[in-house]
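Step one of this worksheet: look at the structure below.
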2 protein chains.
Amino acid sequence: MADTRIAGIYGMRYGIEGMLKDELVDLRRQPAGTWSRLLHTPSAALGSCRYKLQEGDPERAIELLRRYNIHYLLYIGGNDSADTAHRLALAAQEQGYELQAISIPKTIDNDLPFTDHCPGYGSAARFIALATMDSSMNTKSIPWHYPVKVIETMGRDSGWLAASSALGKRDDDDPPHIILLPEKPFNTDHFLKQVEAVYRRMGYVIIVAAETIRDEQGKALGAAGQVGQDAFQHPLLSGAAQFLVELVIQRLKLRARFDKPGDLQRMASNSISATDRDEAYLVGQMGVQALLGGESDKMVTLVRHVDPNYYCTTGLVELARVANEQRLMPGEYLDADTMVTQAFFDYALPLIGDPLPHHAKLEKIRVEL
Amino acid sequence: MADTRIAGIYGMRYGIEGMLKDELVDLRRQPAGTWSRLLHTPSAALGSCRYKLQEGDPERAIELLRRYNIHYLLYIGGNDSADTAHRLALAAQEQGYELQAISIPKTIDNDLPFTDHCPGYGSAARFIALATMDSSMNTKSIPWHYPVKVIETMGRDSGWLAASSALGKRDDDDPPHIILLPEKPFNTDHFLKQVEAVYRRMGYVIIVAAETIRDEQGKALGAAGQVGQDAFQHPLLSGAAQFLVELVIQRLKLRARFDKPGDLQRMASNSISATDRDEAYLVGQMGVQALLGGESDKMVTLVRHVDPNYYCTTGLVELARVANEQRLMPGEYLDADTMVTQAFFDYALPLIGDPLPHHAKLEKIRVEL
């Protein structure tokens, strides 16, 4: 950092929630090796929060920034973080405190508007694509054992992550066979018909379901399953995958089970997309440049180019336009049924880094006597 | 294969179950690229079965072997597979058919006796160790959000896989904090006391539980949770992790959730231990050599050497001694409470290949004004 205006580099433990508790970390005084290790460490190492600013918080934050003589703020995260950065920028303005606040996009949910995609998504999408390829091998190795498998993904209200499970598909028969996205209301009868059709054709069915899928009344499938009780007579927390497994067992009399990679999909340090890592660095770098260039109250965006190969540059967008807006999957990425289109492959494949492996398939070539 | 006694190399789709259906695959006539791809393909690509030989099956199998003029048999798998190979060897002897049957060890459960360890375990252990390190980062990034996390592992009646979650631990505070193994009966009060103690000290608790843990009456924890009902008034399939999560929520009033990597732990193609892969090749190679050397009715074993570095050679053991015997974790690997000993680290670390990464930890060094 050559710019002499930057005297210290501080980190916010637990984001704004930590800052409001006066917990700033001196990033210049970290042990040797910290920065090189960060290259293969989930960004969670920086701390996180799920904190919505309360009345009085912005003023308190400005007071703290003033005490530490902080005039540049880079705030990393998704929609809520963009909102926080925006509100801090506004509060500084109101109080006549000189603050430049820039939001750095980062969410595996990939649901920020105005940016081609969000850092974090490429690596999580790589994990989900590979997990679907790998985990399905077990079902294929002995289909009659548990012919139906459900893999549950995260992704908030958008299907970007669930859709990425298709990225290892090289032909129609490859898993997944059914993808359930929050963008499309779940219909029980249609789902069961599909499962049955795939089962008849293939002998097994791989389903990927976003944890947030909802029925036609807008009710979360996991919640719909919560009429059950556990050993303590409390409602069991049934997730979407568990609900679907139960549905298949009861209605189709097929053995079914689920995988729920959970936090691993956003943390797997051996599924990092090199493209994603480079772009995460790029948006941080351009955030610093934007600050030094006098920008504030904006989010860095990724701008895609294809000429002929994929690469990204960055742009800036007003935070007032970003905050709390979700970008769902556009119609052109969804086919009429429960699969994604070629347009989605074109969009997502460059983001996940190195090409996915081809798994060996033994051809069923019978021995001739 | 230079030996002229080997005229063809056939593969059994779906193991003995496939063979009894006369489904042998000609391994010489596979498409180009198949063998190099196998290096990063889960071995499930070879097919699998869960089939116990029924009356008449061994005779039928010998009949088929005779038809194809097969006199060498390598049968890959765990305890049940060793039993199958043994019974085929006996049946051949009874019927005066010249058959040499050798069992090749392969099970992520690592529960075969007489071998130092089982191919497959090193890679699955690597996955579990890394998954525990990675997935815990999320909890650590915002401990008060879900302070208790349970990660459920496979491993049949043995705790080898659950124990491997400790391999990324560099100090006592690193996750996991509690490991629940099938070798130790589960005691609710003791467990809750432990969770509470770790929570008070750390602010969060990472628990790894084998899916097969049982209470002091020998009842599976998952089954104990099955008094609940789902939307169809059928018992909900509650696993060990879900049971523990419910227990923590109800009794300690702490927010808790679980990850269930499921099949991914035995299939993750990006968590392959190079040592494990080399040894899988070695036991196959030595199986062929044993056949050519006239051996039969034996299993290939891995024999550990440390002088000063770890490496393995192979041995052979009578299948009659192996079949259906499970090797649980020995007492010296278990400490008095719910952690593993240094002896277990010494045993398992060489098996998982490259050293596990060190994740960056930001030091909480406060900014000085």
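Note the angle between two axes, namely the Cα long axis of helix A:121-141 and the longest principal axis of the Cα atoms of chain A, as a number of degrees from 0 to 90, rounded to the nearest 10.
20
Of B:Ala101, B:Gly77, B:Ser36, which is farthest towards the positive pole of segment B:7-112's charge dipole, taken about the Cα centre with +1 and -1 on the beta-carbons of Lys, Arg and Asp, Glu respectively?
Farthest towards the positive pole: B:Ser36.
If amide hydrogens are placed 1.01 Å from N in the peptide plane, which non-local residues have theirs closer than 5 Å to the one on B:Gly159?
So B:Gly159 has HN proximity to B:Glu183, B:Met329.
Using all Cα-Cα distances in segment B:24-104, what percent lands in each 10 angstrom bin from 0 up to the longest?
Using 10 Å bins, I get a P(r) of 16, 44, 30, 10, 0 for segment B:24-104.
Out of segment B:94-164, which GluC sites (Glu not before Pro) are coil in DSSP terms and have no more than 16 other C-beta atoms within 10 Å?
Sparse-neighbourhood loop GluC sites (Glu not before Pro): B:Glu98.
Can you run phi through the Karplus equation (6.51, -1.76, 1.60; θ = phi - 60°) for segment A:259-272 and list ³J(HN,Hα) in whole Hz, with x for Gly and Pro?
10, 9, x, x, 4, 4, 5, 9, 10, 5, 6, 9, 10, 6
Rounded to the nearest 5, what is the percent of antiparallel bridges among the DSSP beta bridges in segment A:117-230?
10
Roll a 1.4 angstrom probe over the protein heavy atoms and tell me the percent of accessible area of chain B that is carbon or sulfur.
Answer for chain B is 50 percent, counting heavy atoms of protein chains only.
Counting other Cβ atoms within 10 Å, which trypsin sites (Lys or Arg not before Pro) in segment B:17-61 have at most 14 and lie in a DSSP loop?
B:Lys21, B:Arg50, B:Lys52
Can you give me the C-alpha center-to-center distance between segment A:259-323 and segment B:324-357, rounded to a whole angstrom?
Cα centres, segment A:259-323 to segment B:324-357: 41 Å.
Karplus couplings for segment A:19-29 from phi (6.51 cos²θ - 1.76 cosθ + 1.60, θ = phi - 60°), rounded to Hz, Gly and Pro as x?
Working through the residues one at a time gives 4, 5, 8, 6, 10, 9, 10, 7, 6, 7, 10 Hz.
What percentages make up the Cα-Cα pair-distance distribution of chain B when the bins are 10 Å wide from 0?
Over chain B, the share of Cα pairs per 10 Å bin runs 5, 22, 28, 22, 15, 6, 2, 0, 0 percent.
Going by alpha carbons, how many degrees (0 to 90, nearest 10) lie between the helix axis of B:79-94 and the longest principal axis of chain B?
20
Cross-link partners among lysines for A:Lys253, C-alpha distance below 24 Å, same-chain residues fewer than 8 apart left out?
Reachable lysines: A:Lys140, A:Lys149, A:Lys193, B:Lys52, B:Lys260.
Which trypsin sites (Lys or Arg not before Pro) in segment B:144-211 sit in a loop by DSSP (not H, G, I, E or B) and have at most 14 other Cβ atoms within 10 Å of their own Cβ?
The qualifying sites are B:Arg170.
Let me have the relative contact order for segment B:10-70, percent, based on Cα pairs under 8 Å that are six or more residues apart.
About 42 percent, as a whole number.
How large is the translational diffusion coefficient of segment A:249-369 in µm² per second when you combine the Kirkwood radius over alpha carbon pairs with Stokes-Einstein at 10 °C and 1.306 mPa s?
Details: Rh = 19.2 Å.
D = 83 µm²/s.
Counting only residues 5 or more places away or on other chains, whose amide H sits under 5 Å from the amide H of A:Val340 once H atoms are built in the peptide plane?
For A:Val340, the qualifying residues are A:Asp335.
Answer rounded, prolate or oblate for segment A:298-338, using the Cα gyration tensor with square roots of eigenvalues a ≥ b ≥ c: rounded when a/c is under 1.5, else prolate when a/b is larger than b/c, else oblate. Let's see the in-between values first.
Working: a/c = 4.70, a/b = 1.17, b/c = 4.02.
Oblate is the answer for segment A:298-338, as a/c is 1.5 or above yet b/c matches or exceeds a/b.
So what's the back-of-envelope 222 nm ellipticity for chain B, counting only DSSP H runs of four-plus at -39500 (n - 2.57) apiece and dividing by all residues, rounded to 500?
Here the helix-only value at 222 nm equals -10500 deg cm²/dmol.
To the nearest 10 degrees, how steeply does helix A:57-67 sit against the main Cα axis of chain A, on a 0 to 90 scale?
50
For a quick check: with amide H placed at 1.01 Å from N, whose amide H comes under 5 Å from A:Leu316's, ignoring anything fewer than 5 positions away on the same chain?
Placed amide hydrogens put A:Thr301 under 5 Å from A:Leu316.
Which percent, to the nearest 5, of DSSP beta bridges fully inside chain A are antiparallel? The partial results should precede the final answer.
On the way: 15 of 37 bridges.
Once the DSSP bridges in chain A are tallied, antiparallel ones form about 40 percent.
Where both residues lie in the protein assembly as shown, what percent of DSSP beta bridges are antiparallel, nearest 5?
45
Mean shadow of the protein assembly as shown, computed from the convex hull of its alpha carbons, in nm²?
Mean shadow area of the hull around the Cα atoms is 34.7 nm².
Just report the Cα centroid separation between segment B:23-58 and segment A:178-223, whole Å.
31
Suppose a student asked you for the relative contact order of chain B, using Cα pairs under 8 Å spaced at least 6 residues apart; what percent would you report?
20
The values are calculated or read from the model by the stated rules, or taken from the named source; none is laboratory data. Bear in mind the structure is a predicted one, so any value in this text is a computation, not a measurement. Because the Cβ atoms are built from the backbone with ideal geometry, glycine has one as well, and the counts that use them run over all protein chains shown. Areas reflect the complete protein model, heavy atoms only, side chains present, ligands, DNA and RNA absent. Shrake-Rupley method; radii C 1.70, N 1.55, O 1.52, S 1.80 Å.
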